[in-house]
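Have a look at the structure below before the remarks.
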Amino acid sequence: MRKLFAAGFLVCVSLLAARAQTPSPKPPDPAKEKRLEWFREAKYGMFIHWGLYAIPAGEWNGRRCLGLGEWVMNRCQVPVKEYEKLAARFDPVKFNADEWVQLAQDAGMKYMVITSKHHDGFAMFKSAASPYNVVDATPYKKDILKQLADACARHGMRLGFYYSQSQDWHEPGGAGNTWDFGPDTAPDGKTELKKYEDYLRGKAEPQVKELLTNYGPVALIWFDTPRMMTPERGQRFADLVRTLQPATLIDGRLGTEGDYRSTGDNVIPAEASAEAWETPATINDTWGFRRDDTNWKSPGQIAFKLVDIVSKGGNYLLNVGPTAEGVIPQPSAEVLRTVGRWLRVNGEAVYGTGPSPFGDEFGEWTSRGAKDVRGQKLFLPHTEWRVTTRPGKLYFTFFSEPRAPFEIPVMKNRVLRAYRLADKAPVELKTEGGRTTFLLERPMLDPMATVVVVEFEGQKVER
Ligand code: FHN
């Protein structure tokens, strides 16, 4: 008995100790929530990866460089002296900022984020901090960001800038260029071998300052790959943003806390979460244009991913990779426009909605210990339907035809009525033994995705 008591006491003590170590949830930050308001409403944005890498488009001197288009310099280990010659050939005569913004609007996207400087170090804007920029180093001579910022202002579109703060393969002090400048760090992985501080203070920080000063309101700064970004260094960028444009959002890849969580590339979490988050994703398999990548996702796949993400509380930042001439490849534009047409009819189920109150519809974790390609526990997604919410309403989006009556999960609120969102046609509800079902007409009104709105008594619809 005494032994039992002692064991129980020990368990209690260790439980209490564990509780003491668990960080308590952070108190809500009203300023951050305010900044995030538009982001939570927007749900869907256009990512644009555009730079000198669009010229080689995945090849160097006739050799295919495998991997992402914007990584061509790295993949084919192109020396700076060779790669920078591309600037003399950059003349995107077909670039039309208004057309790009119009496409984003036709696609139903509510914000745009363009690479202002990717890892190759080339700035798509006029910069006093480095002559390696589109105005000073190309025959084109015009500031891409300025044109896009002006067009966005004309069309009422929010604009954000991607900025590679750590990797800069053009600068001896920047991270990432091992083929010209050697490794970033000693084998201990800590001791820095480059003049990284000089690069940060001499180029990256001044350029971020330029971005926040010369282009009007910046919706967000999208930092990336925070190599060697200590919290202190990250904070210097965060301070710049907060001081120059307090309303600008910071993504989740700065190296210190941003305003929202960025998932891995093309990663859609298995579950919903209340914090703000965003999935950056490709429409084919590259970000920067590659001539050989025509693996476009279909409109149905994009629509599913969008609603899947939104039903889990996130945003979808979908990328296009324009050609060196300044054209967004036609097949990708067509996919975007098709999804945009669907959104014009069904956008009420997407913009500004809340996440699913359920979760079972997302899929299930395999019980057999299998791993996915990333080595993570395997999740088997279900793709039949997703649900989003507004006060008093649930929006069920069906991606395949339910063959049997669909049972509305039991909620505390009483069901009032249901209708198809696209044409407002009533959907007949059957209630038996406390269970409410409906049968969706076949073929579905829109084979890509059909939304049924279910209205409930009261505003807060709860399980
Ligand atoms: O290395 C980059 C890559 O080129 C691309 O910009 C993506 C977009 O999320 N971010 C990095 C890899 O995660």
Once normalised by the length of the stretch 282-423, the mean sequence separation of its alpha carbon contacts under 8 Å that are 6 or more apart gives a contact order in percent of 19 percent
To the nearest 20 debye, the chain has a Cα-centred charge dipole, built from +1 on Lys and Arg Cβ and -1 on Asp and Glu Cβ, of 880 debye
Reported to the nearest 10 Å², Met229 has, with a 1.4 Å probe, an accessible area equal to 20 Å²
The FRET efficiency for Asp292 and Gln235, from their Cβ-Cβ distance with R0 = 45 Å and rounded to 0.05, is 0.65
Taking only protein heavy atoms and a 1.4 Å probe, the highest-to-lowest accessible-area order of Arg261, Arg233 is Arg261, Arg233
One point scatterer per Cα, no solvent, Debye formula: log10 I(q)/I(0) for the stretch 403-463 at q = 0.16 Å⁻¹ comes out as -0.53
For His118 the rounded accessible area (nearest 10 Å², probe 1.4 Å, non-protein molecules ignored) is 10 Å²
Nearest 10, in degrees from 0 to 90: the angle of helix 2-21 to the longest Cα principal axis of the chain is 50 degrees
Contour minus Cα-Cα span, Leu380 to Arg463, at 0.36 nm per residue, comes to 27.5 nm
Taking only protein heavy atoms and a 1.4 Å probe, the highest-to-lowest accessible-area order of Ile144, Ile55 is Ile55, Ile144
Taking protein heavy atoms only, a 1.4 Å probe, and rounding to whole percent, the accessible area of the stretch 100-243 owed to carbon and sulfur comes out at 55 percent
Loop-resident GluC sites (Glu not before Pro) in the stretch 415-461 with no more than 10 other Cβ atoms inside 10 Å, DSSP not H/G/I/E/B, are Glu428
With R₀ set to 25 angstrom, the calculated FRET efficiency between the beta-carbons of Leu66 and Lys94, to the nearest 0.05, is 0.35
Contour minus Cα-Cα span, Ser367 to Gln102, at 0.36 nm per residue, comes to 90.7 nm
Computed from every Cα-Cα pair in the stretch 64-189, P(r) in 10 Å bins starting at 0 and rounded to whole percents is 12, 36, 33, 15, 4, 0
For Glu33, placing the label point 7 angstrom along Cα-to-beta-carbon and taking the stretch 232-273, residues whose amide nitrogen sits under 14 Å are none
Long-range amide H partners of Val113, meaning residues 5 or more apart or on another chain whose placed amide H is closer than 5 Å, are Met46, Phe47, Ile48, Gly160
Here the residues of the stretch 205-230 lying in the modelled label zone of Ala186, meaning backbone nitrogen under 19 Å from a point 7 Å along Cα-to-Cβ, are 228-230
A 1.4 Å probe over the protein heavy atoms gives the stretch 383-454 a carbon and sulfur accessible-area percentage of 51 percent
The correct ranking of Lys142, Lys190, Lys81 by accessible area at 1.4 Å, largest first, is Lys190, Lys81, Lys142
Per residue, the convex hull enclosing the Cα atoms of the stretch 174-286 spans a volume in Å³ of 159 Å³
Expressed per residue, the solvent accessible area of the stretch 330-419 in Å² (1.4 Å probe) is about 52 Å²
When the charge dipole of the chain is computed with +1 on Lys and Arg Cβ and -1 on Asp and Glu Cβ about the Cα centre, the Cα farthest towards its positive end, among Ile408, Ala333, Leu306, belongs to Ile408
Percent relative contact order for the chain, counting Cα pairs under 8 Å at least six residues apart, stands at 15 percent
Percent antiparallel among DSSP beta bridges confined to the chain, rounded to 5, stands at 55 percent
Computed over the chain: longest principal axis from alpha-carbon atoms vs helix 330-346 long axis, angle to nearest 10 degrees, is 30 degrees
So for R0 = 60 Å, FRET eff. of Ala153-Glu401 from the Cβ-Cβ r, to 0.05, ends up at 0.85
To the nearest 20 debye, the stretch 214-323 has a Cα-centred charge dipole, built from +1 on Lys and Arg Cβ and -1 on Asp and Glu Cβ, of 180 debye
Everything considered on the Cα gyration tensor (a ≥ b ≥ c; rounded for a/c under 1.5, else prolate if a/b is larger than b/c, else oblate), the stretch 300-409 must be described as oblate
Cα-based Debye curve of the stretch 119-208 sampled at q = 0.21, 0.22, 0.23, 0.25 Å⁻¹ gives log₁₀ I(q)/I(0) of -1.00, -1.05, -1.11, -1.22
Counting only protein heavy atoms and leaving out ligands, DNA and RNA, the solvent-accessible surface of Glu275 at a 1.4 Å probe, in Å² to the nearest 10, equals 90 Å²
The stretch 183-239: spread of alpha-carbon positions along the three principal axes, whole Å, largest first, is 43, 18, 17
Taking a ≥ b ≥ c as the square roots of the Cα gyration tensor eigenvalues, with a/c under 1.5 meaning rounded and otherwise prolate when a/b beats b/c or oblate if not, the chain comes out oblate
The simple spin-label model distance between Trp179 and Lys81, using points 7 Å out along Cα→Cβ, in nm, is 1.5 nm
With only helices counted (DSSP H, runs n ≥ 4, each -39500 (n - 2.57)), the per-residue ellipticity at 222 nm for the chain, to the nearest 500, works out to -8000 deg cm²/dmol
With +1 at each Lys and Arg Cβ and -1 at each Asp and Glu Cβ, the charge dipole magnitude of the stretch 351-452 around its Cα centre, to the nearest 20 debye, comes out at 320 debye
Probe 1.4 Å, heavy atoms of protein chains only: per residue, the accessible area of the stretch 200-255 in Å² is 37 Å²
Helix 231-244 sits off the longest principal axis of the Cα atoms of the chain, rounded to the nearest 10 on a 0 to 90 degree scale, by 90 degrees
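The values are calculated or read from the model by the stated rules, or taken from the named source; none is laboratory data. Everything numeric in this text was worked out from a predicted model, so none of it was measured. Ideal geometry is used to build each Cβ from the backbone, glycine not excepted, and the neighbour counts take in all protein chains shown. Note: areas computed on protein heavy atoms with side chains; ligands, DNA, RNA excluded. Shrake-Rupley method; radii C 1.70, N 1.55, O 1.52, S 1.80 Å.
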